[in-house]
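J.: Below: one structure in structure tokens.
Each value in this text was obtained by applying a stated rule to the coordinates, not by laboratory testing. Everything numeric here is computed off the predicted structure, so don't read it as measured data. Ideal geometry is used to build each Cβ from the backbone, glycine not excepted, and the neighbour counts take in all protein chains shown.
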Amino acid sequence: MNSEMIYIQQVGAVLTITLARPERRNALSLQLMRELTGCLAAAAEDRSIGAVILAAEGKVFSSGHDLSEIPGRSEADYQEIFETCSNMMEFIQRLPQPVIAMVQGLATAAGCQLVAACDLAVASDQAAFATPGVKIGLFCTTPMVPLTRAIGRKRALEMLLTGRLVSANEAAEWGLVNDVVPAERLREATWELASQIVAASSYTVGLGKHAFYRQIDLDQHRAYEYASGVMTENAMAADAQEGISAFLQKRQPKWNGR
């Protein structure tokens with residue numbers, strides 16, 4: 001599914017999807033969002049893939065929506081653009097494989113949303129984040145959905161109402177990214193994280209990721225009820241039986257993805 005806007009590479013069980021539009025600051029045009037969603041959909045059906053890294057070429061991870069597509073459009077056009085974006089963000093979290101954002105530079109507006117929507121994120125110490133739509137009269141309303149869930153109300157509102165740049169270290173303190181590393185170690189650190197994930201059963205990881213997002217907005221009692229059912233299902237799975245047996249027998253497990 002390589003194109004002028006995206007290219008993919010799989011090494012072992014790790015798939016890297018790279019935004020390849022650096023001359024446009026990796027702006028999320030309608031075409032690019034459709035292509036990225038298509039890549040994710042293909043990955044979801046590929047049992048050889050255990051984790052996805054979302055990367056970008058150039059100095060900017062993503063500047064957000066392609067503003068050249070915004071002026072003078074019809075209501076239907078705007079609805080298509082923003083619904084396509086929202087569907088892509090939701091698909092990231094529906095994907096059975098964890099998605100790790102590898103953020104090498106600036107991530108603003110829907111680009112910041114993309115980082116917040118990913119399951120995990122590793123950032124270069126040269127990265128920065130902002131939701132500056134308020135400064136151009138277009139409030140970052142859809143970016144605030146995953147942003148609020150990642151960093152909480154007060155910090156999200158500060159970003160949304162001021163549009164100020166948040167450094168990588170501040171983003172880590174707030175919970176927007178998992179780790180900040182020197183730029184020269186970004187790829188290595190992201191791969192280390194991905195390698196830890198793909199060492200586990202793909203079935204177990206996929207089940208756990210789905211359960212995480214399903215329970216997160218439930219009240220505690222309902223979350224426990226739901227989680228107990230998932231653990232029962234998980235315990236009956238072949239990989240759980242194999243993993244527990246391997247632990248008791250002091251050997252490495254042999255996963256079969258079931």
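J.: When the residues of segment 47-80 are filtered to those that are of a type in the set (D, E, K, R) and in contact (Cβ under 8 Å) with a residue 12 or more places away in the chain, which remaining residue is farthest from Val134 (Cα to Cα)? Full working, then the answer.
T.: Start the filter on segment 47-80 by keeping residues that are of a type in the set (D, E, K, R), which leaves 47, 57, 59, 66, 69, 73, 75, 77, 80.
Checking the rest, the ones that are also in contact (Cβ under 8 Å) with a residue 12 or more places away in the chain come to 47, 57, 59, 66, 69, 80.
Values: Arg47: 42, Glu57: 27, Lys59: 23, Asp66: 16, Glu69: 18, Glu80: 21 Å.
Ranking the candidates gives Arg47 first.
J.: Now a separate question. If you take the residues in segment 201-225 that are of a type in the set (Ser, Thr, Tyr) and within 24 Å of Met89 (Cα to Cα), which one is surrounded by the most Cβ atoms within 10 Å (Cβ to Cβ)?
T.: Just the residues of segment 201-225 that are of a type in the set (Ser, Thr, Tyr), to begin with: 201-204, 213, 224.
Imposing the further condition that a residue be within 24 Å of Met89 (Cα to Cα) reduces the set to 202-204, 213.
Details: Ser202: 22, Tyr203: 19, Thr204: 16, Tyr213: 13.
Top of the filtered list is Ser202.
J.: Which of the residues that make up segment 7-23 are touching a strand residue (DSSP E or B) at 6+ places or on another chain (Cβ under 9 Å) and either surrounded by 17 or more Cβ atoms within 10 Å (Cβ to Cβ) or at positive phi (or both)? It would help to see each step written out before you state the result.
T.: So the first thing to find is which residues in segment 7-23 are touching a strand residue (DSSP E or B) at 6+ places or on another chain (Cβ under 9 Å), and the list is 7-10, 13-22.
Passing the criteria: Ala13, Val14, Leu15, Thr16, Ile17, Thr18, Leu19, Ala20, Arg21.
J.: Has segment 178-185 got at least one residue that is of a type in the set (Asp, Glu) and in contact with a strand residue (DSSP E or B) (Cβ under 8 Å, 6 or more places away or on another chain)?
T.: First pass over segment 178-185, keeping only residues of a type in the set (Asp, Glu): 179, 184.
Still in the running and in contact with a strand residue (DSSP E or B) (Cβ under 8 Å, 6 or more places away or on another chain): 179.
Looking through segment 178-185, at least one residue is of a type in the set (Asp, Glu) and in contact with a strand residue (DSSP E or B) (Cβ under 8 Å, 6 or more places away or on another chain).
J.: Could you go through segment 122-132 and let me know if any residue there is free of Cβ contacts under 8 Å to residues at least 24 places away in the same chain, of a type outside the set (Gly, Ala, Ser) and surrounded by fewer than 17 Cβ atoms within 10 Å (Cβ to Cβ). Break it down into steps so the answer makes sense when it comes.
T.: Of all residues in segment 122-132, those free of Cβ contacts under 8 Å to residues at least 24 places away in the same chain come to none.
Checked against the condition, which is being free of Cβ contacts under 8 Å to residues at least 24 places away in the same chain, of a type outside the set (Gly, Ala, Ser) and surrounded by fewer than 17 Cβ atoms within 10 Å (Cβ to Cβ), segment 122-132 yields no hits at all.
J.: Test Phe91 against the criterion of being surrounded by fewer than 16 Cβ atoms within 10 Å (Cβ to Cβ), touching a Ser or Thr at 6+ places or on another chain (Cβ under 9 Å) and of a type in the set (Phe, Trp, Tyr), and give yes or no. Let's see the steps before the verdict.
T.: Details: surrounded by fewer than 16 Cβ atoms within 10 Å (Cβ to Cβ): no; touching a Ser or Thr at 6+ places or on another chain (Cβ under 9 Å): yes; of a type in the set (Phe, Trp, Tyr): yes.
The answer is no for Phe91.
J.: Yes or no: Glu90 outside any loop (DSSP other than H, G, I, E, B), without any contact (Cβ under 8 Å) to a residue 60 or more places away in the chain, within 14 Å of the chain's Cα centre (by Cα) and at negative phi?
T.: yes
J.: Give just the number: which of (1) in contact with a helix residue (DSSP H, G or I) (Cβ under 9 Å, 6 or more places away or on another chain); (2) closer than 19 Å to Gln93 by Cα does Ala194 not satisfy?
T.: So Ala194 meets the others, but not (1).
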